[in-house]
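**Student:** Please read through the structure below; I'll follow up with questions.
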Amino acid sequence: GRRLYIYGGRTGRRKHSDVWALDTDSWEWSQVVGDAEGEGAPSARDFASLVAVDDRHLVLFGGYDGVRWLNDTSLLDVRTGEWRAFKVPGPLPSPRSGHTLVSINARLLLFGGETTNGQILGDLWALKG
């Protein structure tokens, strides 16, 4: 079936780094991977964006870790549960949380969000892959 993915979040003061999927045919949740661990694993955070780029890979961008806004990018292989941090060439979007990330026609589009001092962003970024 089709799946909607979420990364991390917060329970009270505790931040999470797990991935969950909602099967939109059965409306059942399942845990994809537990809290991220090991080399390349992203930190726990909330208000990040996670998007499927194919049947096997998810891309995570940004979020807020409780101290700072982030603009890092990580790739998750859902079959192996392995995370890999990767550097995107060229200029980067500013650190942000609460943004939207979508995958359309082999591109990732990132829009808006919130950054330091509560500044609301309205910029649009594209990453061709």
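**Student:** Scan [x] 14.9; [y] 16.2; [z] 14.2 for the value of Kirkwood radius over Cα pairs in Å calculated from this model and give just the label.
**Tutor:** Here the calculated entry is [x].
**Student:** Count the net charge of all other residues whose Cβ sits under 15 Å from the Cβ of ARG13, scoring Lys and Arg as +1 and Asp and Glu as -1. Don't jump to the answer; show the numbers that get you there.
**Tutor:** Details: positive: ARG10, ARG14, LYS15, ARG45; negative: ASP46, ASP65.
Every neighbour counted, the sum reads +2.
**Student:** Can you give the accessible area per residue of the stretch 56-129, in Å², using a 1.4 Å probe?
**Tutor:** On the way: 4310 Å² over 74 residues.
Ligands and nucleic acids excluded, the figure is 58 Å² per residue.
**Student:** How charged is the neighbourhood of GLY112? Take every other residue with its Cβ under 14 Å from the Cβ of GLY112, and add Lys/Arg as +1 and Asp/Glu as -1. Before the final figure, lay out the partial values.
**Tutor:** Values: positive: ARG96; negative: GLU114, ASP123.
Surrounding charge for GLY112 is -1.
**Student:** If the only charges are +1 at each Lys and Arg Cβ and -1 at each Asp and Glu Cβ, what is the size of the charge dipole of the chain around the Cα centre, to the nearest 20 debye?
**Tutor:** Values: 15 positive and 16 negative charges, 67 e Å.
Here the size comes out at about 320 debye.
**Student:** In a shell of Cβ-Cβ distance under 11 Å around LEU22, excluding LEU22 itself, what net charge do Lys and Arg (+1) and Asp and Glu (-1) give? Show your work: numbers first, answer last.
**Tutor:** Numbers: positive: ARG2, ARG3; negative: ASP23, ASP25, GLU28.
Overall, the nearby charge balance is -1.
**Student:** Over the chain, what is the relative contact order in whole percent, taking alpha-carbon pairs under 8 Å and six or more residues apart? Each step should come with its number before you reach the end.
**Tutor:** Numbers: 306 pairs, mean separation 21.4, N = 129.
Contact order relative to length: 17 percent.
**Student:** Separate question: Ignoring ligands, DNA and RNA, what percent of the 1.4 Å accessible area of the stretch 45-129 is carbon and sulfur?
**Tutor:** On the way: 2640 of 4840 Å².
That fraction is 55 percent.
**Student:** Mind checking the per residue accessible area of the stretch 1-43 for me, 1.4 Å probe, whole number of Å²? Before the final figure, lay out the partial values.
**Tutor:** On the way: 2940 Å² over 43 residues.
Each residue of the stretch 1-43 exposes 68 Å² on average to a 1.4 Å probe.
The values are calculated or read from the model by the stated rules, or taken from the named source; none is laboratory data. Everything quoted here is computed from the prediction, not taken from an experiment. Note: ideal-geometry Cβ built from the backbone for every residue, glycine included; neighbour counts use all protein chains shown. Keep in mind that these areas ignore ligands, DNA and RNA; they rest on the heavy atoms of the full protein, side chains included. Shrake-Rupley method; radii C 1.70, N 1.55, O 1.52, S 1.80 Å.
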